[in-house]
Amino acid sequence: MKYVVGLLMAVAMLSACKKKNSEECPYSAENTSASAQEEAVVTNYIAANNITGTTELGTSGMYYVIDAQGNTNKPALCNTVVVKYKGQLANGTIFDQTTGTSTASFTLGSLIEGWNRGMQLVGEGGKIRLYIPSSLGYGAAGSFNPNTGLYTIPQNAMLIFDVEIVTVYK
């Protein structure tokens, strides 16, 4: 009898350790790709600015340059990344950034698709520049600030992000 009670307690404790469905990653990879026109915007920008060393991410129309690979601790969907970053439009207008020693924390999967894909290419300490076509960014909706009545990111805008991954939490 003692053994049966002990066995039941062990089973109960082990089943309590099992992940619940609500704790599983709710995000999945999207198959979105840029249209030929959107990809042309990105490749024309790269050519016009004599940017070298870019690589296309699959056939997505998104391009990137890795400045530092970082370590082997690369994020995946549902991991939290602590980053330093700067986001700008093709005309050089900075629309968002961390400053000085400040960082920002995000969960991969909850971001624009360009970030969800691009962050997985480098590890902690890694630095990457992303050239994101509109459909992997804010698309036709852009990013509208209802308080000012202005778009912080215009509709159908190509985005450029410089990102350094400081920490990855799995």
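Every number here is computed from the coordinates shown, using simple stated rules; none is lab data. This one's a predicted model, so the numbers in the text were calculated from it and none came from an experiment. Note that we place each Cβ from the backbone using ideal geometry, even for glycine, and neighbour counts take in every protein chain shown.
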Report task. Would you work out the relative contact order for segment 31-169, in percent, from Cα pairs under 8 angstrom that are 6 or more residues apart? Result -> 31 percent
Report summary line: the chain, Gaussian network, Cα under 10 Å: of A104, A47, A157, the residue fluctuating most is A47
Requested in this report: Starting from the Cα-Cα distance between S28 and Y151, subtract it from 0.36 nm times their residue separation and give me the gain in nm to one decimal.
Outcome: 41.4 nm
Query raised in the report: To the nearest 20 debye, what is the magnitude of the charge dipole of the chain about its Cα centre, counting +1 on the Cβ of each Lys and Arg and -1 on the Cβ of each Asp and Glu?
Result: 720 debye
Query raised in the report: Given just the C-alpha atoms of the chain, how large is their convex hull per residue in cubic angstrom?
Result: 172 Å³
**Report entry** Selected from G126, S110, L136, residue furthest toward positive end of dipole (segment 31-169; charges at beta carbon)
**Finding:** G126
Query raised in the report: Extension gain K127-Q37, at 0.36 nm per residue separation less the Cα-Cα distance, in nm?
Result: 29.6 nm
Query - Amide H contacts of D96 (H built 1.01 Å from N, under 5 Å, at least 5 apart or other chain) - result: G87
Query raised in the report: In degrees between 0 and 90, to the nearest 10, how far off the longest principal axis of the chain does helix 36-48 point, with axes built from Cα atoms?
Result: 70 degrees
**Report entry** Residues whose placed amide H lies under 5 Å from that of N79, excluding near-sequence neighbours
**Finding:** L108
Query raised in the report: With the chain treated as a Gaussian network of Cα nodes joined by springs under 10 Å, which of I153, I128, I46 yields the largest mean-square fluctuation?
Result: I46
Query raised in the report: Roughly how tilted is helix 2-17, in degrees to the nearest 10 and between 0 and 90, from the longest Cα axis of the chain?
Result: 10 degrees
Report task. Could you count how many Lys pairs in the chain have their Cα atoms under 26 Å apart, skipping same-chain pairs fewer than 8 positions apart? Result -> 16
Query - Neighbour-count ranking [beta-carbon atoms within 10 angstrom, fewest first] of R117, R129 - result: R129, R117
